[in-house]
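Below: one structure, written as structure tokens.
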Amino acid sequence: MPVTKKQIAALMKDASEAANLILKHIEKGDVIHVSSHIDADGLAAAGIIGKSLVRLGGKFRLRIAKWVDEKVVDQIAAEKPPLTIFTDSGSGYLDLLSEKLSNHSVIILDHHQTVTETPSNFIHVNPHFHGIDGSRDISGAGVAYLVAKALNKTNTDLAYLAVIGALGDMQDKYADKSGQRKLGGANESIVEDAVKAGCLNVETDLLFFGRETRPIHQAIARTTNPFIPGISGEEDKSLAFLASLGIKPKQGDKWRALRDLSEEEKKKLFSALADYLVSKGFASDVALNLIGNVYTLTREEPWTPLRDAREFTVMLNATGRMDKAGLGVAICMGDRGKCFEEATAVMQEYRRTITKYLSWVTEKPERLEELESIYVVRGDGVIDEKVISPVSSILSITLSKLGKPIIVYSAISGEDMVKVSARALEPLRKRGLNLGEVLRVASEKYSGRGGGHDVAAGAQIPVKDIEPFIKLVNQLVKKQLEEAQLGS
Ligand code: C5P
Ligand code: C5P
Ligand code: ZN
């Protein structure tokens, strides 16, 4: 269902209410607490709110959390902030927030599914309240951006950060004849704002990072979604692959970028990669994920990883996942000096880590265990829990022949808990799957916490319960799909 102007206006009205409360607290000179999620969308959302507050002369402090749990909420409650703004988090944990923060002033700017009532003294801005799909029509950063826009019209120059948030959450699920991966829904109007503000350029092309500026083999090797075993992360092999196709990597002594290739060369490259993926056992449509809208951030320096909005999200995810979330927020707020330099190194380490785990999973077929209704990757003792989320996201796209959701898990160090990350593709959502609901119900049964979106959800549960938990998830997925089929 397309998102209507009326729906966006209704969401904007809620955003204005949040903005008014923020303005009141700024006038009083209050220090506002902002609490956000650790991934690219969460960091972009925090950057948007942070920058908007700075522009108004507001004071704030920031907390970036892997997830909302008792510990996080207890800390906030103990600090007694005059106003707390949750971005890209909060909607799924209203029970916890209302139990511990019911007499606090709280604003939630989120796009996660919600199950309980919002306490009357909270302001809760969430697309689901207006029939807008939070899993693909607008991100947490998108909601934060609407509030920034309500605070001051000139904040439309921050729209590009909301585009980054949406791409970070893989909301580019709108396909048309010219390509598979595009933003749509409410994100479309945010893209328009960013283009009008002169920060963004959109073109349909092959989706390798740095299409304007980077040598082609580098651009291909740096792209990991979908993951191309033997090419992703491996510049030499990527160069050899080009050579095998007779595509010249250089013009004279200058490297060619993707934009320098002729249409014919691009077609050749695409179909060779598609064949290559099929030869590695992947489904024939996985390669389609290589075509779509390229979102170029025109104010960023060419050659840097910030120029391509999708690569920007990789940098943000890297800082968040490698315990350097502060760097990511600083970059969103405009730092292109020391923090950017440090984040570049963090990103290299992150790429190496992710590539290592993806290679590990795809190396041996038995590492992807098939149950009746789900696939399971037991990453325990191998995959670092901190990067379970991006690993499961990339796997779900790369292994899209699956037709079943994928569940990846690993132990959380120093705790008797495991982190679980689940992903599914569009066809399953259309058949009625809601992973957020499945993980919430299953984790509650085993005294854990879980939730999220229909196609992407997570949970933390006690280590000892992982086997029965997986079994239950398998059953719940089956039941949900069967019931949806009966109801249709
Ligand atoms: O908390 P938040 O909404 O920001 O996180 C969403 C997570 O789900 C991201 O890590 C994103 O990459 C992932 N996702 C996905 N596939 C989708 C939607 C989201 O992997 N279709
Ligand atoms: O952690 P992961 O990226 O797999 O989470 C996917 C989605 O589920 C994210 O949007 C995240 O915020 C959400 N989630 C949640 N509750 C949890 C874990 C994750 O709502 N306990
Ligand atoms: Zn999000």
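Here, each number is a calculation from the coordinates, and none is a lab measurement. Note that the structure is a prediction, hence the values are computed from the model and not measured. Because the Cβ atoms are built from the backbone with ideal geometry, glycine has one as well, and the counts that use them run over all protein chains shown.
The alpha carbon radius of gyration of region 1-126, expressed as a multiple of 2.2 N^0.38 Å, is 1.01.
For region 2-40, the set of trypsin sites (Lys or Arg not before Pro) satisfying both a DSSP loop assignment and a count of at most 15 other C-beta atoms within 10 Å is given as 28. The local environment of residue 123, defined by Cβ-Cβ distances under 15 Å, has a net charge of -2 under the rule Lys, Arg +1 and Asp, Glu -1.
Distance between the 7 Å Cα→Cβ label points at residue 192 and residue 121: 3.9 nm. Region 364-487 gives an Rg/Rh value of 0.94, both radii derived from C-alpha positions and Rh following Kirkwood.
The calculated 222 nm mean residue ellipticity attributable to helices in the chain amounts to -14000 deg cm²/dmol, summing -39500 (n - 2.57) over DSSP H runs of n ≥ 4 and dividing by all residues.
Which of the DSSP-defined H helices in the chain satisfy a minimum axial length of 20 Å, computed from C-alpha atoms, and a minimum mean Kyte-Doolittle hydropathy of -1.0? Let's see the in-between values first.
Numbers: long enough: 5-27 (32 Å, -0.06); 40-55 (22 Å, 0.88); 263-279 (24 Å, -0.39); 338-363 (38 Å, -0.53); 466-487 (31 Å, -0.05).
The answer, listed by residue number, is 5-27, 40-55, 263-279, 338-363, 466-487.
FRET efficiency for the residue 240 to residue 61 pair, using the beta carbon distance and R₀ = 60 Å, is estimated at 0.75. The alpha-carbon of residue 267 sits under 16 angstrom from the alpha-carbons of these lysines, leaving out residues fewer than 8 places away in its chain: 177, 248.
For region 467-485 versus region 258-287, the spacing of their alpha-carbon centroids is 36 Å. For the listed residue pairs 386/464; 80/338; 182/250; 66/196; 71/419, the alpha carbons are over 23 angstrom apart in 80/338; 182/250; 66/196.
Over the chain, what is the relative contact order in whole percent, taking alpha-carbon pairs under 8 Å and six or more residues apart? Numbers along the way, then the final one.
Working: 976 pairs, mean separation 57.5, N = 488.
Over the chain, the number comes to 12 percent.
How many angstrom separate the Cα center of region 48-66 from the Cα center of region 1-24? Region 48-66 and region 1-24 have Cα centres spaced 20 Å from each other. The separation of region 406-434 from region 96-131, counted between C-alpha centres, amounts to 24 Å.
So, R0 is 22 Å and r is the distance between the beta-carbons of residue 298 and residue 175; what FRET efficiency does that work out to, to 0.05? Efficiency for this residue pair is about 0.30. Largest first, the three principal axis extents of the alpha carbons in the chain are 67, 51, 45 Å in whole numbers. For a label point 7 Å from the Cα of residue 69 along Cα→C-beta, name the residues of region 434-474 whose backbone N is under 14 Å from it. Residues 443-444, 446-451, 458-465 qualify, since their backbone N sits under 14 Å from the label point.
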